[in-house]
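Engineer: Mind having a look at this structure? Questions to follow.
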Amino acid sequence: MKIAVLPGDGIGPEIVAQAVKVMSALRSDGLSIEMEYAHIGGAGYDAAGDPFPAATEQLVKESDAVLLGAVGGYQYDNLPRPLRPEQGLLRIRKGLGLFANLRPAMVYPELVNASSLKPELVSGLDIMILRELTGDIYFGQPRGIRTLETGERQGFDTMHYSESEIRRVAHVGFNIALKRGKKLCSVDKANVLDTSMLWREIVTEVGQEYPQVELSHMYVDNAAMQLVRAPKQFDVILTGNIFGDILSDEASMLTGSIGMLPSASLDANNKGLYEPCHGSAPDIAGKDVANPLATILSVAMMMRYTFARVDVAQRIETAVRKTLQQGLRTGDIAETEMQKIGCAAMGDAVVGSL
Ligand code: IPM
Ligand code: MG
């Protein structure tokens, strides 16, 4: 298993260090894991003047999987767009063709009180958000800021999805649904956007190949509301890049903390980039208080999706569960001061449980 490790910025290096502890423990147990580090985001800019340096691109192309921490920091906020940390992330996604972004939102019984919703609304919750990741308004051309004849400036972006882009991610969605609760809800804005009208048409067409899966469609504004009204109605949510960006942050709060949410971004051959859903949290960087569990759970997803080692994935997930059962919590999920431990201690505890 050749894994590229890209810690990135902010809390990235601390949380990735905990996931590396877990991978090193697995290696001591006989898994053949090879790890190599490279820079991304602000760290790439600092090291090589580029948020996605050529050396990093080379490494990730040669690797089977990528583990990424997070990118972004205040010190980079005024750089021109091509040099900003987020571009590193967008370029690695696009460059590797990682069009299918899986963001599971699961409520652990131990954390049901950490959710911002009432326990009965979220207990047992298990949603998979499948976000298309290489198209949509994120990448559409033309875009920019232009000056109109009136002298006023105007910002503009282009939303588009081609049939093939919709079709391939829809297939991934139906296949995931088949392995879960067999329900797929496609989220769009077909009452206003032409892009969404085509999205809905193609998803419906692909759905005919999966008669075992119950397909429904929902407008994104309603989906945002339903997620906080009755989230357990969902099994798999399939949506485009920008709607998925927003809904996955919303869904994370159902689980108690965005610090618990892993993600997988896959290409057509299950090569993948694995990263926590949360950002680089520069305000708490270097303080040893970040929650490393989303990153550790991202390693579990890597074992499941890229390496087809469900046994190893379950072992990591069980270790996380056990650690939570011991009452250990980072600040974001702690109910009492007594339970609170730091990022590194959490990593050690998971390795202990493993
Ligand atoms: C995410 C993030 C990124 C995105 C940013 C950092 C570019 O919010 O992974 O959800 O918008 O995709
Ligand atoms: Mg986001």
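Engineer: Looking for whichever is open to solvent by less than 70 Å² (accessible area, probe 1.4 Å), away from ligand 1 (no atom under 16 Å from the Cβ) and outside the structural domain of MET218 (by TED's automatic domain parsing) here; the options are ALA47, ALA55. Which one fits?
Structural biologist: ALA47
Engineer: Here's another thing I want to ask about it. Please go through the range 322-331 and pick out each residue that is open to solvent by less than 30 Å² (accessible area, probe 1.4 Å) and assigned to a helix (DSSP H, G or I).
Structural biologist: Across the range 322-331, the qualifying residues are THR323, LEU324.
Engineer: Which ones in the range 234-254 are away from ligand 2 (no atom under 15 Å from the Cβ) and surrounded by fewer than 24 Cβ atoms within 10 Å (Cβ to Cβ)?
Structural biologist: The answer is ASP235, LEU254.
Engineer: Here's another thing I want to ask about it. Could you identify the single residue in ALA334, ALA345, ALA300 that is modelled with pLDDT of 95 or more and surrounded by fewer than 18 Cβ atoms within 10 Å (Cβ to Cβ)?
Structural biologist: Being modelled with pLDDT of 95 or more and surrounded by fewer than 18 Cβ atoms within 10 Å (Cβ to Cβ) holds for just one of ALA334, ALA345, ALA300, which is ALA345.
Engineer: Yes or no: ALA319 at pLDDT 95 or above, within 16 Å of ligand 2 (Cβ to nearest atom) and either at positive phi or part of a helix (DSSP H, G or I) (or both)?
Structural biologist: Against the criterion (at pLDDT 95 or above, within 16 Å of ligand 2 (Cβ to nearest atom) and either at positive phi or part of a helix (DSSP H, G or I) (or both)), ALA319 does not qualify.
Engineer: Tell me whether the range 308-315 contains one or more residues that are open to solvent by less than 60 Å² (accessible area, probe 1.4 Å), outside the structural domain of GLU165 (by TED's automatic domain parsing) and within 23 Å of ILE11 (Cβ to Cβ).
Structural biologist: So far as the range 308-315 goes, no, none of its residues is open to solvent by less than 60 Å² (accessible area, probe 1.4 Å), outside the structural domain of GLU165 (by TED's automatic domain parsing) and within 23 Å of ILE11 (Cβ to Cβ).
Engineer: Being within 16 Å of ligand 1 (Cβ to nearest atom), modelled with pLDDT of 95 or more and closer than 25 Å to LEU90 by Cβ, is that true of even one residue in the range 214-223?
Structural biologist: Within the range 214-223, one or more residues are within 16 Å of ligand 1 (Cβ to nearest atom), modelled with pLDDT of 95 or more and closer than 25 Å to LEU90 by Cβ.
Engineer: Moving on to the next point. For residues that are hydrophobic (A, V, I, L, M, F, W, C), open to solvent by 10 Å² or more (accessible area, probe 1.4 Å) and within 22 Å of the chain's Cα centre (by Cα), scanning just the range 129-149, find the one that is farthest from TYR274 (Cα to Cα).
Structural biologist: Here the residue is ILE137.
The values are calculated or read from the model by the stated rules, or taken from the named source; none is laboratory data. Quick caveat, the model's predicted, so the values are computed rather than measured. Cβ: placed from backbone, ideal geometry, glycine included. Neighbour counts: every protein chain shown. In case anyone asks, the SASA skips ligands and DNA or RNA and just uses the protein heavy atoms, side chains included. Shrake-Rupley method; radii C 1.70, N 1.55, O 1.52, S 1.80 Å.
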